[in-house]
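Novice: Let me give you the structure first, and then I'll get to my questions.
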Amino acid sequence: MDFNGFDFGGLFDVELALESLPFILEGIPMTLLVAIVGMAIGLVLGLLLALARSSKRVVLRWPARLYISFMRGTPMLVFLFILYFGLPVVGIELTAVMAASLGFGLNSAAYIAEIDRSALNSIDNGQWESARALNISYWPTLRTIILPQATRIAIPPLTSVFMDVVKGTSLAAVITVPELFQKTQIVAGREFDAMTMYVLVALIYWPICILIGFMQDRLELRYSRFL
């Protein structure tokens, strides 16, 4: 299509996209691996940070606040460089996949911690008091009474964090992780058609995030029984 001298067909080469699609799709397993491992680390660490952040003990509360502030205030790309290129200076060497998974886990934990803290604080204090009156200790109360209700509240923002982690794995290409975007860059450099490749990879990330949104709906339905 030519519109006043501008060739819109040059924006996306369908033939090249179809030819390159199998090679680029090979990066999906690595993208999901880094995202899932990173999210798993973030969920565990984030909950611990949320509990420490809400603690009345200064020795727990302030380190948690400092960690959250640092991770939210530093670029993810810089942190990946520190883990992959910086740690070997002190004798700690991580593979690219390990560095990416750990990096996204440690970074996402800061955001997850604030989500968890907000969700936990939204549960009525009367439930804690009722549990104490029944002589139920802290951890059983948290695990069986508070967390199931807080999880339902936290699912939508946690899903958004997971989507951001999935899309953010594209940054792992700079430390040679063979994920979706790195595969895309290889083809873009070889074929000299970056626009087609970047549009194509955007169209691949989109249905992945749609699937994650569907999973969110299923989880919300499951946890709605705690209403």
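The values are calculated or read from the model by the stated rules, or taken from the named source; none is laboratory data. If you're wondering where the values come from, they're calculated on a predicted model, not measured in any experiment. We place every Cβ from the backbone using ideal geometry, glycine too, and count neighbours over all the protein chains shown. Note: accessible area is taken over every heavy atom of the protein model, side chains too, but ligands, DNA and RNA are not part of it. Shrake-Rupley method; radii C 1.70, N 1.55, O 1.52, S 1.80 Å.
Novice: The conditions are (1) at pLDDT below 95; (2) under 26 Å from Ile204 (Cα atoms); (3) open to solvent by less than 70 Å² (accessible area, probe 1.4 Å), and Ala40 fails exactly one of them. Which is it?
Specialist: So Ala40 meets the others, but not (1).
Novice: Then there is this: Please list, ordered by first then second residue, the pairs with beta carbon atoms under 7 Å, 6 or more apart or interchain, first in the stretch 110-134 and surrounded by 16 or more Cβ atoms within 10 Å (Cβ to Cβ), second among the hydroxyl-bearing types (Ser, Thr, Tyr).
Specialist: Pairs that qualify, where the first residue is surrounded by 16 or more Cβ atoms within 10 Å (Cβ to Cβ) and the partner is among the hydroxyl-bearing types (Ser, Thr, Tyr), are Ala110/Tyr67; Arg117/Ser54; Leu120/Ser54; Trp128/Thr141; Ala131/Thr141.
Novice: Can you tell me which residue within the stretch 42-78, out of those that are part of a helix (DSSP H, G or I) and basic (Lys, Arg), is farthest from Ser122 (Cα to Cα)?
Specialist: First, pick out the residues of the stretch 42-78 that are part of a helix (DSSP H, G or I): 42-53, 58-72, 76-78.
From the residues that got through so far, the ones that are basic (Lys, Arg) too are 53, 61, 65, 72.
Numbers: Arg53: 15, Arg61: 19, Arg65: 19, Arg72: 23 Å.
Once the filter is applied, the top-ranked residue is Arg72.
Novice: If Ser137 meets every condition in (1) more than 26 Å from Leu32 (Cα to Cα); (2) at pLDDT below 85; (3) not hydrophobic (A, V, I, L, M, F, W, C) apart from one, which number is that one?
Specialist: Here Ser137 meets the rest and fails (2).
Novice: Follow-up. State the number of residues belonging to the stretch 191-206 that are touching a residue at least 24 places away in the same chain (Cβ under 8 Å) and either of a type in the set (Gly, Ala, Ser) or within 14 Å of Asp13 (Cα to Cα) (or both).
Specialist: Count: 8.
Novice: Mind listing whichever residues of the stretch 172-185 are at pLDDT 90 or above and closer than 13 Å to Met30 by Cβ?
Specialist: Ala172, Ala173, Ile175, Val177, Glu179, Leu180, Phe181, Gln182, Lys183, Thr184
Novice: Could you please give the count of residues in the stretch 52-93 that are within 25 Å of Arg143 (Cβ to Cβ), of a type outside the set (Lys, Arg) and free of Cβ contacts under 8 Å to residues at least 24 places away in the same chain?
Specialist: Within the stretch 52-93, the first condition is being within 25 Å of Arg143 (Cβ to Cβ), and the residues that meet it are 52-57, 59-61, 63-65, 67-68.
Narrowing further to those that are of a type outside the set (Lys, Arg): 52, 54-55, 59-60, 63-64, 67-68.
Next, from what is left, pick out any that are free of Cβ contacts under 8 Å to residues at least 24 places away in the same chain: 52, 55, 59-60, 63.
Adding up the residues that qualify gives 5.
Novice: Since Gly86 meets every condition but one in (1) under 19 Å from Val37 (Cβ atoms); (2) open to solvent by less than 60 Å² (accessible area, probe 1.4 Å), which condition does it not meet?
Specialist: Every listed condition holds for Gly86 apart from (1).
Novice: Give the stretch 156-187 a look and list any residue that's open to solvent by less than 10 Å² (accessible area, probe 1.4 Å) and either in contact with a strand residue (DSSP E or B) (Cβ under 7 Å, 6 or more places away or on another chain) or more than 20 Å from Met98 (Cα to Cα) (or both), or say none.
Specialist: Thr184, Val187
Novice: A follow-up question, please. Kindly check whether there is at least one residue in the stretch 113-122 that is within 25 Å of Ile210 (Cβ to Cβ), within 24 Å of the chain's Cα centre (by Cα) and assigned to a helix (DSSP H, G or I).
Specialist: Yes, the stretch 113-122 has at least one match.
Novice: Which residue is nearest to Val14 (Cα to Cα), if the candidates are limited to the stretch 143-170 and must be under 12 Å from the mean Cα position of the chain (by Cα) and hydrophobic (A, V, I, L, M, F, W, C)?
Specialist: Start the filter on the stretch 143-170 by keeping residues that are under 12 Å from the mean Cα position of the chain (by Cα), which leaves 157-170.
Filter again for hydrophobic (A, V, I, L, M, F, W, C), leaving 158, 161-163, 165-166.
Values: Leu158: 35, Val161: 32, Phe162: 30, Met163: 27, Val165: 29, Val166: 25 Å.
Out of the qualifying residues, it is Val166.
Novice: Can we say Tyr223 is open to solvent by less than 70 Å² (accessible area, probe 1.4 Å) and of a type in the set (Phe, Trp, Tyr)?
Specialist: On the way: open to solvent by less than 70 Å² (accessible area, probe 1.4 Å): yes; of a type in the set (Phe, Trp, Tyr): yes.
Yes: the conditions hold for Tyr223.
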